[in-house]
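To start, the structure under review is shown below, and the notes come after it.
A short reminder: the numbers here are calculations on the coordinates, not readings from a lab. Note that the structure is a prediction, hence the values are computed from the model and not measured. For neighbour counting, all protein chains shown are included, and Cβ atoms are generated from backbone atoms with ideal geometry for every residue, glycine included.
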Amino acid sequence: MSVNARFFASLKERVGHGSVSVDVAEASCVRDVWYAVTGEGPGEEVLVAINKEYADFDAAVVDGDEVAFFPPITGG
Amino acid sequence: MHIEIRHQAFNPWHELDAYTRSASYRNQAGACATFVGSMRDFNEGDTVRTMHLEHYPGMTEKQLGVIVDEVSKENGLLDVLVLHRVGDINPGEEIVLVGCWSSHRKAAFDGCRLIMEALKSKAPFWKKEKLLDGERWISRNTPG
C-alpha cells in the first residue's frame, strides 16, 4: 500500500523531502513509514499526525493516508 | 468564531475594531480580552534580522478550531478571533492576535490565556530566525 509522507520545518531540511509517496507493507505503522523514508531512528523529538490529526509512532496507517512528521511547535 | 492564517502584515487594532463592530452579540459582550504577539529583534542573546514562519496548511486551521471550540465551551465565551501570520516577518510586526469576548471579564481573560497557551503547543507553526551570521530553527517556545 502507499501513503503520502510529509515533513515540515527542520525535518524537511534533514530528510530532504517536503512530501514523498512511500510504499509500505499492509498493517504498517507510522514508525515503518519513517524508516522507509529515512532509514534511521528519529534521534530527536518528532511529532506525528495522520490525516492532520495527532498520532504516535505506533499508530496504524492505511492506504492513502497522509502521514506528517514535524518538530516541536514554536508558533505564537 | 473566526480563525485565519495571514501571509501579509496586519494591524491588530484595526482588525479588532472591524470585527467588534460587525458582531451580532455586541450588546451582550461586557468584556473583551486580547493578546497580541509581535516579533522581537533579539533572541537568546543574538540579533534577529527577520523570521520565517512555516505552518501545516489544513492541520493548523483544524487544530486552532479544536482549541477555540473547547476553550469557548469550557469558559462560556461569546466569540473568539484568531489571526496568525506565516511567511517572512520583520521585527515589530505582529505574529498573532487572539481576541475573546464574553459577558464578564473572567471568562475573557481566562479564555484568552488558555487559547494562547494551547496554540503554542498544539497548532503546528515553526519559526526560523535569520541572524547576522546565519539562520536557525527555534527548537522550543519560551516559557509564558
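At-a-glance table
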| item | result |
| --- | --- |
| Beta bridges by DSSP in the protein assembly as shown, antiparallel share as percent, to the nearest 5 | 85 percent |
| Under 10 Å, Cβ to Cβ, from B:Trp126 - net charge with Lys/Arg +1 and Asp/Glu -1 | +2 |
| Residue-averaged [θ]222 nm for chain B, counting only DSSP H segments that reach four residues, each worth -39500 (n - 2.57) | -10000 deg cm²/dmol |
| Ellipsoid equivalent to the protein assembly as shown - semi-axes via the Cα gyration tensor, in Å | 34, 23, 13 |
| Chain B: angle of helix B:105-122 to the longest principal axis, Cα-based, in degrees nearest 10 | 40 degrees |
| Considering only chain B, percent of DSSP beta bridges that pair antiparallel, nearest 5 | 85 percent |
| Globularity index of the range A:2-70, i.e. its alpha-carbon radius of gyration over 2.2 N^0.38 Å | 0.96 |
| Between 0 and 90°, nearest 10: helix B:12-21 axis offset from chain B longest Cα axis | 20 degrees |
| Lys, Arg +1 and Asp, Glu -1 on Cβ, resulting dipole of the protein assembly as shown about Cα centre, debye, nearest 20 | 840 debye |
| Value of D in µm² per second that Stokes-Einstein yields for the range B:2-137, Kirkwood Rh from Cα pairs, at 37 °C (0.692 mPa s) | 210 µm²/s |
| Least to most buried among B:Arg21, B:Arg113, B:Arg105 (fewest other Cβ within 10 Å first) | B:Arg21, B:Arg105, B:Arg113 |
| Helix-only [θ]222 nm of chain A, DSSP H runs n ≥ 4, -39500 (n - 2.57) each, per residue, nearest 500 | -5500 deg cm²/dmol |
| Anchor A:Lys52: lysines whose Cα lies under 23 Å away (excluding residues fewer than 8 positions away in-chain) | A:Lys12, B:Lys62, B:Lys73, B:Lys120, B:Lys122, B:Lys127, B:Lys128 |
| Ascending count of other beta-carbon atoms within 10 Å, so fewest first, for B:Glu61, B:Glu44 | B:Glu44, B:Glu61 |
| Neighbour-count ranking [beta-carbon atoms within 10 angstrom, fewest first] of A:Cys29, B:Cys32, B:Cys112 | A:Cys29, B:Cys32, B:Cys112 |
| All aspartates and glutamates inside 18 Å of B:Lys106 as judged from Cα atoms, apart from same-chain residues fewer than 8 positions distant | B:Asp69, B:Glu70, B:Glu74, B:Asp79, B:Glu117 |
| Alpha-carbon centroids, the range A:21-54 and the range B:89-113: separation in whole Å | 36 Å |
| Neighbourhood charge, 10 Å Cβ-Cβ cut-off, centred on A:Gly75 and excluding it, Lys, Arg +1 and Asp, Glu -1 | +3 |
